[in-house]
């Protein structure tokens, strides 16, 4: 791979990449991200390759393995180009038919097209699928179009053009000003203005200076950063190189969770390719800029998502936070000025440089610019990654993109911002999703986790679950977080077991405010959010637990009872077969009963009972 010595070399390489590709040549682009891989994408890829060979089309049709397309609910998914046909839930057995469709006039395989659940009609093009139609995929738009392990694919869609523009047509001060004028805020959780952080770093006289990409994505159900690293790693690398030029850094680090093996693999490949091409290393594109990126794998500690704890981990110390100030931009890695930004933040930088700060700032709201990527999960028909402009409402997210709540149930709450995020009730469904509105409602943007809940969710149990997670992930360095999260979890457990008192609610609130105001780092300062918001919006559920010893959602095991209605039971014995504790009594074809002393309330009998004779009270 020839080394690029100048901007002219880069543009010549890009022109060669574009010229080598026939836009009319058929291409099958299969998602091979972690989600689709788990659903069988490798087998589909192998079957497609074999079918192309048997049909003699291996040279006439391009087969591309891409990153995550976002619609994880329907994986494995694939696109066919140039038509833009979208196939979902593809299996290896479909390969022969897909290949045949390419050679018979490119008529789509109807049964693999997305079926609109509202109209029942098949939808052919990706942009017409409701899940995609209402998105604005600025960062994820190329995920389904490029091979993440092929730098030429990235160059072919305009990759590293922003780097060339920054190095040859601007000054470091101008780049910082562009980021500032764009209104970009950190996408990792706090939402701090990126341009302001960069200005603080530039003002520091100490050298050397460092850049860090925080890819320690630890929120349950969140996989935005992982998917961007898997599907378009060069966008993050390009953003970091531009940052190095703007901030005077010569060395950068990316801190990735070791649980992301595919992201690590793809990023290593991208780093090697960028170095081989001369886009990393000494005098990048002949500009005199020297910059390298090192990859560090984290051990999975949630607290290492906090800046100072992450720095400690890179340095080889225990991942514990430090008091601030000084901030990392003043004194960070090895005591030197350090800028830490999230994966999505770094990937946004080339977009701002390419399209201009005014274009970027025109997206979103007054205080929240650009797009945000969410992992939409929970009780929702369409789960997956969603990129939308800031300011979109919860209603639009859940019903236009998410396809609504399954099984005809009603929306109850949305938990936004990861385990430390607050629970927003259905009554606030028209709330705009931006930093200010979410904070006012008691939640936060966080890194983009979004869990949808329906009436079968118990909000006391939800608060207990997240508090249990946060207690376990607390590093224990500061007393308020270490003991406060423990005490809050203990109280929530008592309430969910029917042993709580009404005074516990006031105690929970007092503890929550104490932990929030006195904890050392962001983990403790935001940990009470799930408890405080559920108390604020769902107090009636807490009161039902402590006053009536009743769980309205019928989730808390100590507060519910399983029984069988004899007039409905047909004695089919299905429940007997799945009961592991032999709690169900009765002869076949005769009405059964449940021995409450043996019943562990696992719900298995409820799931298999066809006549719906099993009751939960």
Of all the residues that make up segment 180-213, how many are within 22 Å of the chain's Cα centre (by Cα), surrounded by fewer than 24 Cβ atoms within 10 Å (Cβ to Cβ), part of a loop (DSSP other than H, G, I, E, B) and on the phi < 0 side of the Ramachandran plot? 3
Do you know which of the residues in segment 296-319 that are modelled with pLDDT of 95 or more, within 20 Å of residue 229 (Cα to Cα) and in contact with a helix residue (DSSP H, G or I) (Cβ under 6 Å, 6 or more places away or on another chain) is surrounded by the most Cβ atoms within 10 Å (Cβ to Cβ)? 310
So residue 155 ticks every box in (1) over 22 Å from residue 345 (Cβ atoms); (2) surrounded by fewer than 20 Cβ atoms within 10 Å (Cβ to Cβ); (3) at pLDDT 95 or above but one. Which box is left unticked? (2)
Considering only residues of segment 71-100 that are out of contact with any strand residue (DSSP E or B) (no Cβ under 8 Å at 6 or more places or on another chain) and assigned to a loop (DSSP other than H, G, I, E, B), which is nearest to residue 374 (Cα to Cα)? 89
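So that you can scan it fast, the table gives a plain yes or no per residue for (1) buried (at least 17 other Cβ atoms within 10 Å of the Cβ); (2) more than 25 Å from residue 363 (Cβ to Cβ); (3) modelled with pLDDT under 95:
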residue: 83; (1), (2), (3): no, yes, yes
residue: 88; (1), (2), (3): yes, yes, no
residue: 104; (1), (2), (3): no, yes, yes
residue: 128; (1), (2), (3): no, no, yes
residue: 138; (1), (2), (3): yes, no, no
residue: 143; (1), (2), (3): yes, no, yes
residue: 150; (1), (2), (3): yes, yes, no
residue: 161; (1), (2), (3): yes, no, no
residue: 168; (1), (2), (3): no, yes, yes
Whether any residue in segment 351-361 is part of a loop (DSSP other than H, G, I, E, B), surrounded by fewer than 24 Cβ atoms within 10 Å (Cβ to Cβ) and in contact (Cβ under 8 Å) with a residue 24 or more places away in the chain is what I want to check. yes
Looking for whichever is in contact (Cβ under 8 Å) with a residue 12 or more places away in the chain, closer than 28 Å to residue 519 by Cβ and in contact with a helix residue (DSSP H, G or I) (Cβ under 9 Å, 6 or more places away or on another chain) here; the options are 214, 232. Which one fits? 214
Counting only residues that are assigned to a loop (DSSP other than H, G, I, E, B) and at positive phi, how many does segment 368-408 have? 4
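The values are calculated or read from the model by the stated rules, or taken from the named source; none is laboratory data. Keep in mind that this is a model prediction, so the values were computed, not measured. Cβ coordinates were reconstructed from backbone atoms using ideal geometry, including for glycine residues, and neighbour counts include every protein chain displayed.
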